[in-house]
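FYI, it's all coordinate maths here, none of it is from the lab. Here the structure is a predicted model, which means the values were calculated and not measured. Here the Cβ positions follow ideal geometry from the backbone for every residue, glycine too, while neighbour counts run over all protein chains shown.
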Amino acid sequence: MELTDITAEIYEVSQRLGQASKSLYKLGKEKAETERVYRTRLAQEILILRADGMPVAMIADVARGNIGDIMFQRDAADAKFRAALESLGALQSQLSALQSILKVQQDI
């Protein structure tokens, strides 16, 4: 591998890291928003079930079951955020490996 190829690849990975960090911010914001919606809707559902006279021991489980779709959206946003973090880590590892290869090639 030539030095120009390595430096070009380093540049490409650096650009991808920049894009990934912007994407991570958007996914983090989406994750926070879905968490906010979930907690708000859960609290509302608990109040409704209490007002309807449901036994206290059952309220938490029934409320979560009633808002299952919102919980799914929250969990999906969390999974996307975690996957983006893993991807960012992989790009950082790739950049580090390329930098190591470049250093060895320059020393030769």
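From the alpha carbon centroid of segment 8-75 to that of segment 78-95 is 20 Å. Per residue, the chain reaches -34000 deg cm²/dmol at 222 nm when only DSSP H runs of four or more residues are counted, each adding -39500 (n - 2.57). The phi-based Karplus calculation (6.51 cos²θ - 1.76 cosθ + 1.60; θ = phi - 60°) puts the 3J(HN,Hα) values of segment 69-85 at 5, 5, 5, 4, 4, 4, 5, 5, 5, 5, 5, 5, 5, 5, 5, 5, 4 Hz, whole numbers, x for Gly and Pro. Helix 56-66 and the longest principal axis of the Cα set of the chain meet at an angle near 50°. Can you give the angle from 0 to 90° between the axis of helix 3-51 and the longest principal axis of the chain, with both taken from C-alpha atoms, to the nearest 10? Relative to the chain, helix 3-51 is tipped by roughly 10 degrees. With R₀ fixed at 22 Å, the C-beta to C-beta distance from residue 12 to residue 85 puts the FRET efficiency at about 0.60.
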